[in-house]
Amino acid sequence: MTDLNAILAPGMLVRHPQFAEWGIGQVQSNVGGKITVNFREQGKVVIDGARIALVPVFDP
């Protein structure tokens, strides 16, 4: 299994696969598998990249 979260860099847009209501989030940091994302509807969330595969958004 490829770790798609490894490509996530600050400024990239993502969605959480289980919480669509959070809207699109912007990656703030990705350090050691801990990804900090600022979601429009949820605010800042730290996600464990080993447990959750965020979905990149290329055309918001």
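Selection of region 1-46 for residues being modelled with pLDDT of 95 or more and at positive phi yields Gly11, Gly23, Gly43.
Screening Gly49 on (1) on the phi > 0 side of the Ramachandran plot; (2) within 9 Å of the chain's Cα centre (by Cα); (3) of a type outside the set (A, V, I, L, M, F, W, C) shows it passes everything except condition (1). Scanning region 1-34 for residues that are part of a loop (DSSP other than H, G, I, E, B), under 8 Å from the mean Cα position of the chain (by Cα) and not aliphatic (A, V, I, L, M) yields a single hit, His16. Restricting region 3-60 to residues that are among the acidic types (Asp, Glu) and out of contact with any Lys or Arg (no Cβ under 8 Å at 6 or more places or on another chain), the residue that is surrounded by the fewest Cβ atoms within 10 Å (Cβ to Cβ) is Asp59.
Asp59 falls short on exactly one of the conditions (1) under 11 Å from the mean Cα position of the chain (by Cα); (2) in a loop (DSSP other than H, G, I, E, B), and that condition is (1).
Against the definition (without any contact (Cβ under 8 Å) to a residue 60 or more places away in the chain and touching a Gly at 6+ places or on another chain (Cβ under 9 Å)), how does Val46 come out, yes or no? No.
The values are calculated or read from the model by the stated rules, or taken from the named source; none is laboratory data. Everything numeric here is computed off the predicted structure, so don't read it as measured data. Reconstructed Cβ throughout: ideal geometry from the backbone, glycine too, with neighbour counts over all protein chains shown.
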